[in-house]
Amino acid sequence: MSIKIQPEAIASLRGFELPERLGFGTVMAPVMFRARFQDGRWSDGELIPYGPLALDPAAKVLHYAQTCFEGMKAYRNGSRVRLFRPERNAARMAHSARRLCMPPVTESLFLDGVRTMAAYCANLIPASSGESLYIRPFLIGTQPDLSVTASRAYEFYVIASPSEAYHAGNMRLWIEREDSRAAVGGTGDAKVGGNYAASLLSVSRLKERGYDQSLWLNPGNRHTVDELSGMNFFAVMDGALHTPALNGSILEGITRDSILTLARELGLEVHERDIDIDDLLKLVESGTCSEAFACGTAAIVSPISELGDDERRYRLKQAPGPVAERLRAALLDIQEGRADDRFGWMQAVDVAEN
Ligand code: COI
């Protein structure tokens, strides 16, 4: 496929300056990648200036939430720009699209999109450890039609945001015993906007109580731990690493998978299993569960200092704990180019001359 680079996109890159404070996901690169699906096929992609989308008010995405997305990062190490396991994001986005009856973006179009953004935004990639170019590919159903049927027209975009990590410091989690974020047989293992919308009320309630994130329980049994909103959960018990097994309502995190690989390499005992929340709280109370952390593309590895259950607070013995710190360092060392890419996770991008 050929990619059209609009001259206006290059002009907007030339006039762009990075602000001093980045935060997460608030500073947007001045270009974006777009491709359209019409009459059963994808168009070539193009790099265009970043700006508002023109959507018909009856577009399916606005009413029936036909939208899925990905989160991934490009890293700069000297003059090298590299992506982390982008083919895994392409595969997961195809899975999410199928679940919402959307045509999957082909792997080559997806990779064209993220590689083009990384190549043209190379100068915007912050170089401090923990910072990166956060890349957000997304797919939307655009056909204007209020019948509850799949859209016949779609747009695929890739936007990017020079960012710091999503969460800095320890997190306090609130155990969400009332609401569910996803249903059994629903969309919990797909990265779709609706899952995140369903998490917002819980998050606004827990903020009032002084917590940072919800810990979601399995929607089927209401007793085993699933994940956080946008991060997978890990706990260290008697030195072994435990994480909820993939069960259809948990997102298959690419960082989760990488952490499991690194933990095994470090010689840790690893268990993917159902974790009963009441058992977990008892183990935290006794100190057998000495640390817990969450991980995700945006969050990297974020230590958990406390679990809140109704009026009770359960404090983790170590936050950040040594296991979380070792795993975070091992992951960042590969991503940021200080360690050998022994698992073949990094993909080099040819930087474009703007
Ligand atoms: C990510 O880690 O990339 C996510 O998608 C989480 C989030 C910021 C929604």
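Every read-out reported here was derived from the displayed coordinates using simple, explicitly stated rules and does not represent laboratory data. Keep in mind it's a predicted model, so treat the numbers as computed, not measured. So basically every Cβ, Gly included, is an ideal-geometry build from the backbone, and we count neighbours across all protein chains shown.
Quick notes on this structure:
- Short-range pairs are left out: with C-alpha atoms under 8 Å and at least six residues apart, the relative contact order of the range 3-164 is 33 percent.
- Value of D in µm² per second that Stokes-Einstein yields for the range 79-235, Kirkwood Rh from Cα pairs, at 25 °C (0.890 mPa s): 137 µm²/s
- Considering only 142, 111, 67, and ranking their Cα positions along the charge dipole of the range 3-164 that arises from unit charges at the beta-carbon of Lys, Arg, Asp and Glu, the one farthest toward the positive end is 111.
- Set of the range 54-85 residues, backbone N closer than 15 Å to the point 7 Å along the Cα-Cβ line of residue 28: 54-55
- Per-residue [θ]222 nm for the chain (sum of -39500 (n - 2.57) over DSSP H runs n ≥ 4, rounded to 500): -7500 deg cm²/dmol
- Kirkwood-type radius of the range 171-335, with distances r between different C-alpha atoms, in Å: 15.7 Å
- Kyte-Doolittle mean at least 1.0 and Cα axial length at least 30 Å: DSSP H helices in the chain: none
- Candidates 333, 226, 112, ranked by Gaussian network fluctuation over the chain, Cα under 10 Å, top entry: 333
- In a reduced charge model with +1 at each Lys and Arg Cβ and -1 at each Asp and Glu Cβ, the range 3-164 shows a dipole moment near 460 debye about its Cα centre.
- Partners of residue 4 within straight-line reach, counting lysines whose Cα lies under 21 Å from its Cα and excluding those fewer than 8 residues away in the same chain: none found.
- A straight Cα-to-Cα reach below 25 Å connects residue 191 with the lysines 60, 73, 207, residues fewer than 8 places away in its own chain not being considered.
- Cα coordinate range in the range 191-253, projected on the principal axes (Å, largest first): 34, 27, 22
- For the chain, the pair-distance distribution built from all alpha carbon pairs, in bins 20 Å wide starting at 0, is 29, 57, 13, 0 percent.
- For the range 3-164, the Kirkwood estimate of the hydrodynamic radius, built from every pair of different alpha carbons, is 16.2 Å.
- Size of electric dipole in the chain: Cβ of Lys, Arg +1 and of Asp, Glu -1, about Cα centre, debye, nearest 20: 420 debye
- Most fluctuating residue given options 107, 70, 17, as computed from a GNM of the chain linking Cα atoms under 10 Å: 17
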